[in-house]
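Notes follow once the structure below has been shown.
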Amino acid sequence: MFFLNVPLSAIAIFCCLRWLPSMPPAGATLRIDWAGLVLVSSGIVAVAYAADRGGEWGWTSAKLIGLLVLAVLLFALFIVVERRVRDPLIDLALFRNRPFVLITIGGTIANIVYTVTVLCTTIYLQDGRGLSPIAAGVVFLAPSVAVALSGPLAGRLAEWQPMPVLIPATMMFGGATLLATSAVDAWGAYVPLLGLTGFALGLGWTLPSIGSQTVVDPARAGEAAGVNLTVMVTIAGVAVAVAGTLIELGGAGTADITAATRGVVRLVSVLSFVGGAVLLAVALIGRGTRRASEVASPAS
């Protein structure tokens, strides 16, 4: 199944080379930061591999801890290199851009919640409610179609509200619908609520792809989008591994599987709602502070 990414990626690369305009930063060369590229890629691989093998090795095993220590060292070396190299792979000043940081955190939480929900729902429908893979797939069409619909809508919503406000709002809505989903059994309520959750969280991790490019210099738009996507995917992968371990520990029989999956779903629904509320408060306070300074500036 994953080989499908190969032709799709090849098509995407061709389209970028053919039609996407090149916008290098002023004065920058075309040299590639190979040292930074190798270090950050190796660090991500180390984290992803540790998350994948954590359940098998044990979360306190020497191999896992060693791999995580290696990842920390690689990322630390990456930061050192990026501070010294002439044309860095990632301009670390990007992380001093408050709107970008808020957008990335929001998108990461939304992606964590969505991917963990996919895992838990798949297990719950088949092992908890006894559906066949085909029947479970039909039920899961609700959030899948909703996610597909959220993509085109994201671009229109981006013109309505600032991203640091809009993304947390979708996270809070998604957290509320997901919590409600975990509390119902009737298909007439479960399926629509699951669809609404997919729609809200789909917006939550689609909007950052747009927003990350609107809060930085256009020449850095690709870099910002790349950083945003890498953070979202890497941390969500770790979260899925941890969620799988929690379900394994809590689910022995059908009733236990149901309770374990619902418990994890409720946990991430609270993460989505509370995380969204905190980010929304930070964004609104920031907007209020900026407006106050803009009003006071002419008088001073």
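The values are calculated or read from the model by the stated rules, or taken from the named source; none is laboratory data. All values reported here derive from a predicted model rather than from experimental measurement. Using ideal geometry, Cβ is built from the backbone for each residue, glycine included, and neighbour counts are taken over all protein chains shown.
Overview of results
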quantity	calculated
Lone qualifier among G276, G286, G244 - being part of a helix (DSSP H, G or I) and under 27 Å from F75 (Cα atoms)	G244
Check on L64, touching a Phe, Trp or Tyr at 6+ places or on another chain (Cβ under 9 Å), more than 20 Å from I210 (Cα to Cα) and not in a helix (DSSP H, G or I)	no
Restricting the range 13-63 to residues that are of a type in the set (S, T, Y) and modelled with pLDDT under 80, the residue that is farthest from E223 (Cα to Cα)	T29
Restricting the range 182-234 to residues that are of a type in the set (A, V, I, L, M, F, W, C) and outside any helix (DSSP H, G or I), the residue that is farthest from V265 (Cα to Cα)	V216
Selection status of A110, small (G, A, S), crowded, with 18+ Cβ neighbours inside 10 Å, touching a residue at least 24 places away in the same chain (Cβ under 8 Å) and over 17 Å from V264 (Cα atoms)	no
Matching residues in the range 247-270 - criterion: being within 20 Å of the chain's Cα centre (by Cα) and free of Cβ contacts under 8 Å to residues at least 24 places away in the same chain	L267
Qualifying position, being out of contact with any Pro (no Cβ under 8 Å at 6 or more places or on another chain), among the β-branched types (V, I, T) and free of Cβ contacts under 8 Å to residues at least 24 places away in the same chain, among T122, T115	T122
Count - residues of the range 216-234 that are crowded, with 19+ Cβ neighbours inside 10 Å and either more than 27 Å from V145 (Cβ to Cβ) or among the β-branched types (V, I, T) (or both)	5
Odd one out for E159, checked against (1) assigned to a helix (DSSP H, G or I); (2) under 25 Å from N228 (Cβ atoms)	(1)
Among residues of the range 154-170, those that are surrounded by 20 or more Cβ atoms within 10 Å (Cβ to Cβ), free of Cβ contacts under 8 Å to residues at least 60 places away in the same chain and closer than 19 Å to A277 by Cβ, counted	1
Any pair with Cβ under 7 angstrom, 6 or more apart, that starts in the range 68-80 at a residue that is without any contact (Cβ under 8 Å) to a residue 24 or more places away in the chain and ends at one that is surrounded by 15 or more Cβ atoms within 10 Å (Cβ to Cβ) and part of a helix (DSSP H, G or I)	L68/A50
Tally of residues being closer than 15 Å to V242 by Cβ and either among the hydrophobic types (A, V, I, L, M, F, W, C) or at pLDDT below 90 (or both) across the range 258-293	6
Output for the range 85-132, where each listed residue is out of contact with any helix residue (DSSP H, G or I) (no Cβ under 7 Å at 6 or more places or on another chain), in a helix (DSSP H, G or I) and at pLDDT below 90	A93, R96
Test: residue in the range 72-83 that is at pLDDT below 90, more than 30 Å from V147 (Cβ to Cβ), of a type outside the set (D, E, K, R) and not assigned by TED's automatic domain parsing to the domain that holds I235	no
Single residue of the range 40-68 satisfying the filter (β-branched (V, I, T) and buried (at least 16 other Cβ atoms within 10 Å of the Cβ)) that is nearest to V238 (Cα to Cα)	V47
